[in-house]
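The values are calculated or read from the model by the stated rules, or taken from the named source; none is laboratory data. From a predicted model like this one, the values you see are computed outputs, not experimental measurements. Here the Cβ positions follow ideal geometry from the backbone for every residue, glycine too, while neighbour counts run over all protein chains shown. For accessibility, only protein heavy atoms count, side chains too; no ligands or nucleic acids. Shrake-Rupley method; radii C 1.70, N 1.55, O 1.52, S 1.80 Å.
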Amino acid sequence: MKLATLKDSTRDGRLIVVSKDLTRCSEVGHIARTLQAALDDWEYVGPRLAEVEEGMETGSQPSMRFHEHAAASPLPRAYQWADGSAYVNHVELVRKARNAEMPASFWTEPLMYQGGSDSFLGPRDPIVMADESYGIDMEAEIAVIVDDVPMGATALEARAAIRLVMLVNDVSLRGLIPAELAKGFGFFQSKPSSAFSPVAVTPDELGDAWDGGKLHLPLLVDLNGKPFGRANAGIDMTFDFGQLIAHAAKTRPLSAGTIIGSGTVSNKLDGGPGKPVSQGGAGYSCIAEIRMIETIQTGAPATPFLRFGDSVRIEMKDKAGHSIFGAIEQIVTQYERG
């Protein structure tokens with residue numbers, strides 16, 4: 001089943017069921033007005049939404065054209081957004097570029113931060129920033145939305161709580177991160193609003209590409225219309241989503257609608273740093289990673305961070321080449337206070 005949220009005059013938009021080919025949709029306000037309302041009563045609402053999807057596929061359910069540009073993020077705001085760093089290759093490169101040793105615990109316990117969740121960007125909304133010197137970067141990731149998760153849940157129990165899967169652009173401001181982390185209190189200004197894919201899908205929609213905790217398909221990242229990243233999200237993922245969710249729930253319960261991110265998808269190449277797509281590699285899911293490799297190899301980064309007018313596209317396709325979640329397409333624009 002595929003679900004989306006159409007923008008309207010309210011903060012939370014209105015829930016729709018989307019056809020498998022992303023061309024049509026059906027309003028479901030009589031079942032659940034918003035995606036959060038559906039998640040709050042998933043045991044009852046989920047099967048009813050599935051009946052709508054089945055009706056659309058057979059032609060018995062009224063539908064209308066689905067336009068990705070009319071969609072908000074599936075959850076325009078959420079009770080909680082926690083982003084992990086499951087691809088330790090990415091973390092290792094960051095530290096290596098700083099000539100810093102990586103603690104052994106990074107391989108046994110995931111990193112995670114709690115991001116702002118009160119206002120997510122729509123998948124086609126611009127990335128609006130005041131200054132290019134902030135070091136604007138995209139981070140292409142996978143994310144899941146969970147049902148209620150009890151405190152102390154095991155990784156297996158956590159897997160069973162996954163209700164929906166989607167893509168995310170976790171926008172980062174690299175120029176602000178060092179000073180912020182140096183204060184010893186974590187990210188805040190350096191992590192502005194993230195954007196999620198137009199559509200969130202139930203795990204069964206992913207077929208054998210989903211193993212219960214990992215999504216084994218390439219994540220397609222384009223920068224200014226050219227291939228930038230083709231890393232497989234199921235490879236080099238040190239911690240699967242069950243482990244990430246269980247980590248988040250170690251000392252607190254998670255409420256239905258909590259979003260958990262994978263962190264930047266990152267693949268190694270022959271045991272070492274990856275190569276650009278243009279050189280036959282899997283490329284990168286963020287600019288910081290290629291800058292790290294450039295620093296390691298030449299002593300200084302060469303690739304600039306995002307500038308005003310740059311465009312980013314993040315998408316994932318099934319084995320037949322069909323878009324699964326729709327595309328995140330964003331242009332970086334300058335903020336001007338009115």
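Taking a threshold of 27 Å on the Cα-Cα distance, which of the pairs 214/317; 268/319; 183/275; 2/319; 20/191 fall above it? The pairs that break the limit, which is 27 Å between Cα atoms, are 183/275; 20/191. Run the accessible area of region 2-66 with a 1.4 Å probe and give the carbon-and-sulfur part as a rounded percent. The value for region 2-66 is 47 percent carbon and sulfur by accessible area.
Note on residue 30: accessible area is roughly 130 Å² with a 1.4 Å probe, heavy atoms of protein only. Using a ≥ b ≥ c from the Cα gyration tensor of region 94-212 (square roots of the eigenvalues), is it rounded, prolate or oblate, where a/c under 1.5 gives rounded and otherwise the larger of a/b and b/c decides, a/b for prolate? Because a/c hits 1.5 or more and a/b fails to exceed b/c, region 94-212 counts as oblate.
Dipole check for the chain: with +1 at the C-beta of Lys and Arg, -1 at the C-beta of Asp and Glu, and the Cα centre as origin, the magnitude is about 620 Debye. Highest mobility in the GNM of the chain, judged by mean-square fluctuation with C-alpha springs under 10 Å and restricted to 164, 269, 39, is found for 269. To the nearest 10 degrees, how steep is helix 88-97 against the longest Cα principal axis of the chain, on a 0 to 90 scale? For 88-97 against the chain, the angle is about 30 degrees. The order of the peptides 299-311, 189-201, 119-131 by mean Cβ neighbours within 10 Å, most packed first, is 189-201, 119-131, 299-311.
Simple point charges give the picture: +1 on the Cβ of Lys and Arg, -1 on the Cβ of Asp and Glu, and for region 1-94 a dipole about the Cα centre of about 360 debye. Cross-link reach is defined here as a Cα-Cα straight distance under 19 Å, omitting same-chain residues fewer than 8 places apart; for residue 250 the aspartates and glutamates meeting it are 83, 109, 147, 148, 157, 240.
Computed over protein heavy atoms with a 1.4 Å probe, the accessible surface of the chain works out to 44 Å² per residue. For the chain, the longest principal axis of the alpha carbon atoms and the long axis of helix 287-298 meet at an angle near 20°.
Helix-only estimate, please: 222 nm mean residue ellipticity of the chain, summing -39500 (n - 2.57) across DSSP H runs of length 4 or more and dividing by its residues, to the nearest 500. Provide the component values of the computation, followed by the final result.
Values: 7 runs with 65 residues, N = 338.
Calculated at 222 nm, the ellipticity per residue is -5500 deg cm²/dmol.
Region 189-206 and region 108-176 have their alpha-carbon centroids 7 Å apart.
Heavy atoms only, probe 1.4 Å: what % of the accessible area of region 266-338 goes to carbon and sulfur, would you let me know?
Numbers: 1760 of 3730 Å².
About 47 percent, which is the carbon plus sulfur part of the accessible surface.
Its Cα centre serving as origin, region 116-205 has a Cβ charge dipole (Lys and Arg +1, Asp and Glu -1) of approximately 160 debye. Toward the positive end of the charge dipole of the chain, about the Cα centre and with charges on Cβ (Lys, Arg +1; Asp, Glu -1), which of 149, 86, 166 goes farthest? Working it through, the farthest residue towards the positive pole turns out to be 86. Each part reduced to its alpha carbon centroid, region 1-32 and region 277-338 end up 28 Å apart.
With respect to the chain, whose longest principal axis is taken over its alpha-carbon atoms, helix 42-58 is tilted by about 80°.
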